[in-house]
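See below for the structure under consideration.
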Amino acid sequence: MTLSVLQRTIVLAAVALLAAIGALALTSRDDAAATGTGPRAVPTPDGGWYTALAGSRGLARDAELTTCRQILTGRSLGVTHPTLPCGAKIFVRYDGTELLTEVIDTRLKEPGRQFELTEALARRLELEGTQEIEWRFATR
């Protein structure tokens with residue numbers, strides 16, 4: 001066996017090993033999604049939900065840019081909260097409907113609310129006006 005054949009064998013073995021590791025990583029990620037081990041709600045310290053007043057932030061203006069540097073459209077799903085960080089994943093629940101969403105803005109438009117929901121999210125929750133919602137942080 002010459003040195004170049006040995007080198008080629010080692011390179012091919014390394015490529016095969018990397019391909020096997022990649023296949024295992026993809027398979028385990030797909031298994032996690034199939035078994036429902038995606039984001040889940042983190043209960044409050046007493047095991048329940050936080051409550052807050054929430055309402056729709058209204059229809060998105062043309063190319064409206066949020067404080068989290070997101071451009072809103074009529075289909076955007078997210079919440080505004082003045083202290084939660086941009087991108088924080090949370091579950092919101094209203095009248096038996098629970099949805100996973102994220103913080104997309106930190107500047108409230110209306111006083112007297114803790115959360116504002118995009119119009120599309122408010123419609124999915126069937127939330128009209130300002131109502132009390134329940135919410136929890138999400139984790140993987």
**Report entry** Residues (in contact with a Phe, Trp or Tyr (Cβ under 8 Å, 6 or more places away or on another chain), touching a residue at least 60 places away in the same chain (Cβ under 8 Å) and surrounded by fewer than 16 Cβ atoms within 10 Å (Cβ to Cβ)) located in segment 82-130
**Finding:** Leu100
Report summary line: Subset of segment 23-64, residues among the hydroxyl-bearing types (Ser, Thr, Tyr), out of contact with any helix residue (DSSP H, G or I) (no Cβ under 6 Å at 6 or more places or on another chain) and either at pLDDT 80 or above or within 30 Å of Lys109 (Cβ to Cβ) (or both), comes to Thr44, Tyr50, Thr51
Requested in this report: Considering every residue within segment 53-62, establish whether at least one is under 15 Å from Phe137 (Cα atoms) and not basic (Lys, Arg).
Outcome: no
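The values are calculated or read from the model by the stated rules, or taken from the named source; none is laboratory data. A quick note: this is a predicted structure, and the numbers were derived from the prediction, not measured. Cβ coordinates were reconstructed from backbone atoms using ideal geometry, including for glycine residues, and neighbour counts include every protein chain displayed.
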